[in-house]
Amino acid sequence: HPRVRRQRQMCIRDRFTVGRGGLPGNNDSGGLSSCYIWNAVGLFPISGQDRMVIVPPRFKRAALHMPGGELTIVRHGGGRHTRAARFNGRAVADFELTVGELLGGGLLEVEMGE
């Protein structure tokens, strides 16, 4: 999903900074902050749908406590682009998972490259 990746990179680079205006808009409900956190761990929620797109994680390892168990996201390799992804050992060819799959917990491995 090249368009999603470009939008994500632009948003992180330009909108979430330590300077003046570093947190744009009205964040009272936490909408912008939660979007940043999802993206930082390597997931992009598709609004109004039961899907999450796998995007390049900013951390080597992240753990989220989900209702069905812990969801661990591990980044392998260097580079800025997502080359491959595996969820609980199975390849994720389209870089998308359902929210239901993620709520059950498991291991998401993301292979990075140039």
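The values are calculated or read from the model by the stated rules, or taken from the named source; none is laboratory data. Nothing here was measured: the structure is a model prediction, and the numbers come from that model. Glycine gets a Cβ as well: all are built from the backbone with ideal geometry, and neighbour counts include every protein chain shown. We work out accessible area using only protein heavy atoms, side chains counted, and drop any ligands, DNA or RNA first. Shrake-Rupley method; radii C 1.70, N 1.55, O 1.52, S 1.80 Å.
On the basis of being among the hydrophobic types (A, V, I, L, M, F, W, C), assigned to a strand (DSSP E or B) and without any contact (Cβ under 8 Å) to a residue 12 or more places away in the chain, does Ala63 make the cut? For Ala63, the condition - among the hydrophobic types (A, V, I, L, M, F, W, C), assigned to a strand (DSSP E or B) and without any contact (Cβ under 8 Å) to a residue 12 or more places away in the chain - is met.
Val74 - would you say it is in contact (Cβ under 8 Å) with a residue 40 or more places away in the chain and either more than 16 Å from Gln7 (Cα to Cα) or open to solvent by 70 Å² or more (accessible area, probe 1.4 Å) (or both)? No; evaluated as a whole, the condition is false for this residue. The residues listed here are Leu103, Leu97; of these, the one that is open to solvent by less than 60 Å² (accessible area, probe 1.4 Å) and either more than 22 Å from Met10 (Cα to Cα) or modelled with pLDDT of 95 or more (or both) is Leu97. Filtering segment 79-94 to residues that are touching a strand residue (DSSP E or B) at 6+ places or on another chain (Cβ under 6 Å), open to solvent by 30 Å² or more (accessible area, probe 1.4 Å) and either β-branched (Val, Ile, Thr) or assigned to a loop (DSSP other than H, G, I, E, B) (or both) leaves Gly79, Asn88.
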